[in-house]
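The values are calculated or read from the model by the stated rules, or taken from the named source; none is laboratory data. Computed from a predicted model, the values in this text were never measured in an experiment. Cβ atoms come from the backbone with ideal geometry, glycine included; neighbour counts cover every protein chain shown. Calculation scope for accessible area: heavy atoms of the full protein, side chains included, ligands and nucleic acids excluded. Shrake-Rupley method; radii C 1.70, N 1.55, O 1.52, S 1.80 Å.
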Amino acid sequence: MGIAVTPLRGGRRRRRRLLTRAAPLAIVAIAAFVAGAIFASSPGRAERRVVSEYARDWMRGDYRGMYALLDSGSKAHLSQRKFAGEYNGAADTTTLAKLAIVNVGHRSGNVIPVQMLVTTRLFGVLHETLLVPVVGSGSKVSVRFARQLLFPGMRAGERLHRQVVLAPRAALLASDGTPLAKGPDRISPIPDVAGQIVGTVGAIPSDEAASYTAQGYPPDARVGLDGLERIFQKQLAGTPGGSLMSGRRIIALTPTKPGHDVQTTINPTIERAAISAIAGRYAGMTAMDPRNGRLLAVAGVGFSALQPPGSTMKIVTATAALEAGVVKLSTVFPVASAAVIDGYTLHNAGGEVCGGTFLNAFAVSCNSVFAPLGAKVGGKRFVAVAQRFGFDQSPSIPGAAESQIPSAHDIGSDLAVGSSAIGQGKVLASALEMTDVAATIAMGGRRPLPTLQAHQRARFVHVTTRRIARLVQKMMIAVVQFGTGTSAQIPGVQVAGKTGTAELRDTNNPNDPNANSPQNTDSWFVGYAPVGKPRVVVGALFPAQGAGAATAAPAVHSVLEAALQAHPR
């Protein structure tokens, strides 16, 4: 049985067709190669490469590279420093943000055009052509400096300048829609409130001039300097508009974008109560709705001053100790007037003798219990819990001071940890921070992130469990029921709180006749109500004004009362 072999005629035909099709492609490729070779060796390509390099250096902000491409005549009349200054000045005028090369054109006379996309902060994205003067030819070409090089779209002999129009400033509103500040003069219908939290509008601070100039603001513009005016500057001011001129020509034009009214969380009634409680003293108070973090009042230095938080820090210490399982509310401690840590005798305030159960030690704010307990918890665990409460975290309120605690690595010896556990040492906090600490307990271990803008979605950070928070709350109730914070009691309402008396100098020195002066201690108190269904948390700091029980607790009491009446739900 034989095998038939079919002639490969079809295969030859297919091979001939492939060769026929490939021939034109080969010719095209050869032609392209020849054209490329000719172009590569042409003077025009070398010239365009130099201009491209100049534009790319400008995109990178490499003024030294740009200057190196100038001709000798330009360099003789213009130093590198002045060259960079010319470009920086033009960037300020135009609010230049970014450049991109679209296409480098062919030389026409002594100019090579470069089409560019120019992104500006004030005028948006512009499609303009940079006219680059050149001298020489081929590989020996150089860029000749002229003012038209400072910005795409300029022509020979023109200078840049900008005309800016500011949008009318929008209104700041209280939580009920009442204007807190409105109009160009920012006169508030609630002047006693405006002086505390609203803030002021004035000339741009010298240290921020560059930032505002970059946004297109003229040097004589009025901007928010502090308070709510500063916090909501961007929303209230809107966006400037105006025209960018090259000589007499308008090369860019943008309208103003009006600011929009900002409804804040500030409750005028509670704000007045906080201002009244401060009574003209150097102090800070904040009131918060713990259910959403909204700040109902901020008075004085409520979020800007940092001081040692004293025994209000024991809320953090108690949380850490209970989490670690080293203590229960029923744990009994020795009744003593001092404790020895690392060979140092740490006295209770005024030599007070205290101790007993853990709950009682918290209620009467016993340092001889809490300092050694902090050391037992250890720096690593204690610092970690403090950071969950908000220490060393960027505040959610712009401009608010960041409360501080040394890192676990830096906090040091048992004595240093113990001092930090009672709010001394290097621990620093604001009234806002300690208000948020109390709010965390009120909310069952979830820390509300403070906000000053109404209708924002509530945000929380998990700090501890509900069980731990309930235990700490029991101790805070005891503070107000029979401990150091009885002056914060409100008839018919259960209040939880914690006093703090931070020593600024040694108050136990028998040789110092002024050891017990109120000026030696900061007065603190944080409290919330009603327990179980908290609506308001208030924190107060009165620097160098006595004990927490004597000064801060009564002040918080008055604000809590006013807040519960003005904020009934």
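Here are some notes:
- Filtered by the rule that a residue be farther than 13 Å from L244 by Cβ, assigned to a strand (DSSP E or B) and either open to solvent by less than 70 Å² (accessible area, probe 1.4 Å) or in contact (Cβ under 8 Å) with a residue 60 or more places away in the chain (or both), segment 108-118 gives V111, I112, P113, V114, M116, L117.
- Highlighted here are the strands (runs of 3 or more DSSP E) found entirely within segment 422-505 that include at least 3 residues which are crowded, with 23+ Cβ neighbours inside 10 Å: 496-503.
- If only residues of segment 546-569 that are of a type in the set (S, T, N, Q) and at pLDDT 95 or above are counted, the one that is nearest to P491 (Cα to Cα) is S558.
- Residues in segment 91-117 that are more than 15 Å from V141 (Cα to Cα) and polar (S, T, N, Q): T93, T94, T95, N103, Q115.
- The residue of segment 382-406 that is surrounded by the fewest Cβ atoms within 10 Å (Cβ to Cβ), among those that are small (G, A, S) and assigned to a loop (DSSP other than H, G, I, E, B), is S394.
- Filtered by the rule that a residue be assigned to a strand (DSSP E or B), open to solvent by 60 Å² or more (accessible area, probe 1.4 Å) and either under 18 Å from F83 (Cβ atoms) or among the hydrophobic types (A, V, I, L, M, F, W, C) (or both), segment 123-144 gives a lone residue, V125.
- With respect to the conditions (1) closer than 30 Å to I397 by Cβ; (2) touching a strand residue (DSSP E or B) at 6+ places or on another chain (Cβ under 6 Å), F333 lacks only one, and its number is (1).
- The residues on offer are Q263, Q235, and the sole one that is surrounded by fewer than 23 Cβ atoms within 10 Å (Cβ to Cβ), in contact (Cβ under 8 Å) with a residue 60 or more places away in the chain, in a strand (DSSP E or B) and under 26 Å from the mean Cα position of the chain (by Cα) is Q263.
- Of all residues making up segment 409-421, the number that are free of Cβ contacts under 8 Å to residues at least 40 places away in the same chain and open to solvent by 50 Å² or more (accessible area, probe 1.4 Å): 3
- Any hit, segment 208-223, residues being at pLDDT 85 or above, under 21 Å from V165 (Cβ atoms), among the charged types (D, E, K, R) and over 19 Å from the mean Cα position of the chain (by Cα): yes
- Meets criteria (of a type outside the set (S, T, Y), over 27 Å from T269 (Cα atoms), surrounded by 24 or more Cβ atoms within 10 Å (Cβ to Cβ) and in contact with a strand residue (DSSP E or B) (Cβ under 7 Å, 6 or more places away or on another chain)) for G310: yes
- Odd one out for V538 among (1) touching a Leu at 6+ places or on another chain (Cβ under 9 Å); (2) open to solvent by 20 Å² or more (accessible area, probe 1.4 Å): (2)
- Filtered residue count, segment 277-303, keeping only those that are of a type in the set (K, R) and assigned to a strand (DSSP E or B): 1
- Verdict on A299 being touching a residue at least 40 places away in the same chain (Cβ under 8 Å), in contact with a helix residue (DSSP H, G or I) (Cβ under 6 Å, 6 or more places away or on another chain) and crowded, with 24+ Cβ neighbours inside 10 Å: yes
- Residue match in segment 143-160 (condition: of a type in the set (A, V, I, L, M) and farther than 22 Å from G247 by Cβ): no
- Count of segment 351-369 residues which are surrounded by fewer than 22 Cβ atoms within 10 Å (Cβ to Cβ) and within 41 Å of the chain's Cα centre (by Cα): 3
- Of all residues in segment 92-107, those being farther than 28 Å from G241 by Cβ and not aliphatic (A, V, I, L, M) number 4.
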